[in-house]
1. Could you give every pair whose Cβ atoms fall below 8 Å, whose first residue belongs to region 180-207 and is at pLDDT 90 or above and open to solvent by 40 Å² or more (accessible area, probe 1.4 Å), and whose second residue is away from the ligand (no atom under 16 Å from the Cβ) and aliphatic (A, V, I, L, M), counting only separations of at least 6 or pairs across chains?
2. Which residue is farthest from GLY387 (Cα to Cα), if the candidates are limited to region 214-245 and must be in contact with a helix residue (DSSP H, G or I) (Cβ under 7 Å, 6 or more places away or on another chain) and either open to solvent by 30 Å² or more (accessible area, probe 1.4 Å) or of a type in the set (S, T, N, Q) (or both)?
3. If I ask for residues that are outside any loop (DSSP other than H, G, I, E, B) and touching a residue at least 60 places away in the same chain (Cβ under 8 Å), which ones from region 36-47 would you list?
4. Taking the residues in region 1-42 that are open to solvent by less than 30 Å² (accessible area, probe 1.4 Å) and among the polar types (S, T, N, Q) as candidates, determine which candidate is modelled with the lowest pLDDT.
5. For region 734-752, give me each residue that is closer than 21 Å to GLU270 by Cβ, assigned to a loop (DSSP other than H, G, I, E, B) and either open to solvent by 50 Å² or more (accessible area, probe 1.4 Å) or of a type in the set (A, V, I, L, M) (or both).
6. So, restricting to strands (runs of 3 or more DSSP E) that lie completely within region 483-582, which ones have at least 1 residues that are open to solvent by less than 10 Å² (accessible area, probe 1.4 Å), more than 30 Å from ARG943 (Cα to Cα) and touching a residue at least 24 places away in the same chain (Cβ under 8 Å)?
7. So is SER211 open to solvent by 10 Å² or more (accessible area, probe 1.4 Å) and without any contact (Cβ under 8 Å) to a residue 40 or more places away in the chain or not?
8. Out of the residues in region 704-733 that are surrounded by 24 or more Cβ atoms within 10 Å (Cβ to Cβ) and in contact with a strand residue (DSSP E or B) (Cβ under 8 Å, 6 or more places away or on another chain), which is farthest from ARG756 (Cα to Cα)?
Amino acid sequence: MNDDNEAAGLNLHASSADQITRTTCYMCACRCGIKVHLKDGRIRYIEGNRDHPVNKGVLCAKGSAGIMNHYSPARLSKPLRRVGPRGSGEYQEIEWEEAMATATDWLGAIRRSDPRKLAFFTGRDQSQALTGWWASQFGTPNHAAHGGFCSVNMAAAGLYTIGGSFWEFGEPDWENTKYFLMFGVAEDHDSNPIKIGLGKLKTRGAAKFVSVNPIRTGYSAIADEWIGIRPGTDGLFILALIQELLRAGKIDEEYLCRYTNASWLVIQDEGAADHGLFARDASGQPLVFDSATQTVTGANRIDARPQLTGKVFLPDGRAAVPAFHLVATRCLEPQYAADAVAAETGIGADVIRRIAAELAHAAFEQTVVIDQPWTDWAGRRHDKMIGRPVAMHAMRGISAHSNGFHTCRAIHVLQMLLGAVDSPGSFRYKPPFPRPTPPGVKPTGRAADVQPGKPMPGPPLGFPTSPQDLLVEADGTPRRLDKAFSWEAPLAAHGMMHRVIRNAWAGEPYKIDTLFMFMANMSWNSSMNTAGTIEMLTDKDPATGDYKIPRIIYCDAYASEMVAYADLILPDTTYLERWDCISLLDRPICDADGVADSIRQPVIAPDRDVRPFQDVLIDLGARLGLPALVKEDGSPRYPGGYPDYIVHHERKPGIGSLAGWRGADGDKHGIGAVNEGQLDAYIANQCFWRHEIPAEARYFKHSNRAYLDWAVGMGLIDKPDPIVLQFYGEVFQKFRLAAEGHGEVQPPDEHRPRIRTYFDPLPLWYMPFEEAEVARDAFPMHALTQRPMAMYHAWGSQNAWLRQIHGDNRLHIHHATAARLGIAEGDWVAVTSHHGRIKVQAKLMDGVNPHTVWTWNAIGKRSGAWNLEPEAAEARKGFLLNHVISELLPERGDGHRYGNADPVTGQAAWYDLRVRIEKIPAEEGVSEPQFATLPVPPNLPKRPDVLRYGAGFRTSARGDAK
Ligand code: SF4
């Protein structure tokens, strides 16, 4: 129903709904507001909520098809205990009490002996503030969500560089930008907000939108200019743009000096323990060279005119140069010249020069001026807000390469050079960002942190700033099962879920007892080397006959491919049947002008014997006696489950899961005591809370006195100190120095060259590992996936309505490439990597880089999974590229195999895949590999032969029988 009609007192849909309930969509991770129309106890219609800050009424195909996820025949209906071999699909239904007692029994024994033997990993859930806290309470460091195989490169590079990043951390200034440069974004992340933003930008008609992506679909299709770059070379393109801007002198020196560390002096004393670190005075204050007084002085002297280039001598006689000097020298190296990168990137030098000139023109000739006085951190009053209207956005396409961290960092360096971070018209932070670079929380899990029967003293995930923060034994052995925060991936800020099954199977670095997972389809589309992963899940120790991964507990709402490999299955509800909390402590829904969070409320009661995962986790914690989950008398602290926790849990005094309507009377926002009526207040406000940032605090947030004070008052940051943008990455140099033999914590010898090379404080590009290690002529093509607009990974491709949009997937090949290889539309082709071979059907197109083939992500299903017809197109014609991606890089000389991942963060390098394709005769029109059909778990609803959902509503509306 239209809100305007409602406001006017008109009810034009009198017969369409008995009830309209507002909640939050969960058909992807954007968290749009929705209004769910119920008729006769069934969901009739889902509508976008016009009042909601995320989507403002916009609803995508996925969101409206949420009805079919809710009524999916794949919904699990009762707890299950495995009775046949893993993978057989032989289960026995059990009662919840037995299921919970079994889980408590298994986990209790682990906790009393060695809590690390529980590996607790979750997928794309939105309750990571709860799950991480629960893992700490349990006492295991072996916890993370899916970020390590999603976009940690983007998040970590941003948080270590500018204290924020794209998507949840920031957004383009859609209203004011004049030039929008988007890297590697399909139609996936930030779906509705980007569509709304692009709509504004395109209709405003005063901005250019350039999309850099090997594939021209979705957003790229409406770009004013599409740059079909060769995968993995974005860093080269960005560094060439930087070189052009440096050569032209088109950089914002004032911005660099005021807001970044570009002017700070870097010690030049090769071989010394502080070589490459910032020169500091006795109080720890970084030093700059003041060109006015020709002296070395503190960087906090606001009357200084810092010099950006040239060697100077420190009081102790040693040489130093400003950080800018080093960054500029690197970026001006010949290999980053436009002419030099043209062949590798596939972008002509003339195009690179033109784009650089356009960026400079937008930034420096089209400045945006907002008539709003503000005061910076140093007390300088500014009459107006003056901005560089160049906005950038990046996502998976940059992130999922083994050079992704440095490519993301290069984008941020480019932004800083243009003065285009949180200035009008540029990229803008969304609260609670910016945060210190990086945020102050460190990972927990050292030997002293992990004790039988005790919680850990801090969270499993965090942001190391020196080798001392790593989770390694004295000999360098990783402390975590996934090897996050070890020398293999020192800054693995989101953990490395993609390494868990293999390491658990191999007993590397140690054996575990129980793998507990939620909503992560790890035996299918969430794993590389799918067939190998299935073997690991079912492999037994020949000596004992026991599974090498002894126990697997799995929680999901649906009969996904992973269910068949679990020993104990705890069925979850759908998103319309439970409470959820989209918290500032987790993945908030803020925008650049406001801080916001939201909830989901149950719209409809479950009709099956299922429980919300978060309720189960809280119950399990109480049964295990986890200290923060029980009261002094041992009774559950949150007997009302997750909604009880949402309202009453406080992370710090006055700071809880929700920031709105706090205080006993509900009149506080941000910080305040528990409010018993908080959820009612959210429901009364359409399930969200939003608080506007004061006008003078909306730009230059990293350095804006009003913003920093406001953010402290809201509990977003601890101190109102300015957040200095890290043009030069001193943190990385500390790891490099360790690799060169300095400090107490040093990498084992086999890791030294890798740390030395990739922990570079300066912008850097290197060839993605797989491309560098396999023969380029044997595997001459790149192979990628794109997430379609109508699907959210496996969630969408089991949805009866969305399946009609993408029922199967094909391999998209450029017409010219296909002609060269003799491949026609619909032909079957073999796709071969260094790891494996698949057989798929070809589709030809022009909007793709000629050296690249691609397909839609996660459309292929295993026969029988998700209660689909075993002969469904998703199973027989659909396919996954995952089958030909290896989770490990080829063996090195010493036998060690690094993960197929970024060396800094451990981000899974999905998009490094190299393949060759060849036409093959196809007697049967079936993709390969095919796996045995999975049996359907007990008591799943019958699949209708013909779905006519909604027909009953029509007859009901006429007064006929339903
Ligand atoms: S963009 Fe995502 S959250 Fe928003 S309506 Fe679509 S599926 Fe739902």
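1. Here the result reads LYS202/ILE222, each pair linking region 180-207 to a residue that is away from the ligand (no atom under 16 Å from the Cβ) and aliphatic (A, V, I, L, M).
2. THR233
3. Hits for region 36-47 are VAL36, LEU38, LYS39, ARG42, ILE43, ARG44.
4. Filtering first and then ranking leaves SER16.
5. Listed by number, the residues that qualify are GLU740, GLY743, GLN746.
6. Counting at least 1 such residues, we get 514-518, 580-582.
7. For SER211, the condition - open to solvent by 10 Å² or more (accessible area, probe 1.4 Å) and without any contact (Cβ under 8 Å) to a residue 40 or more places away in the chain - is not met.
8. ASN704
The values are calculated or read from the model by the stated rules, or taken from the named source; none is laboratory data. Note that the structure is predicted; figures quoted are calculated from it, not measured. Positions of Cβ are generated from backbone atoms using ideal geometry, with glycine treated the same way; all protein chains shown enter the neighbour counts. Side chains included, ligands, DNA and RNA excluded: accessible areas come from the protein's heavy atoms. Shrake-Rupley method; radii C 1.70, N 1.55, O 1.52, S 1.80 Å.
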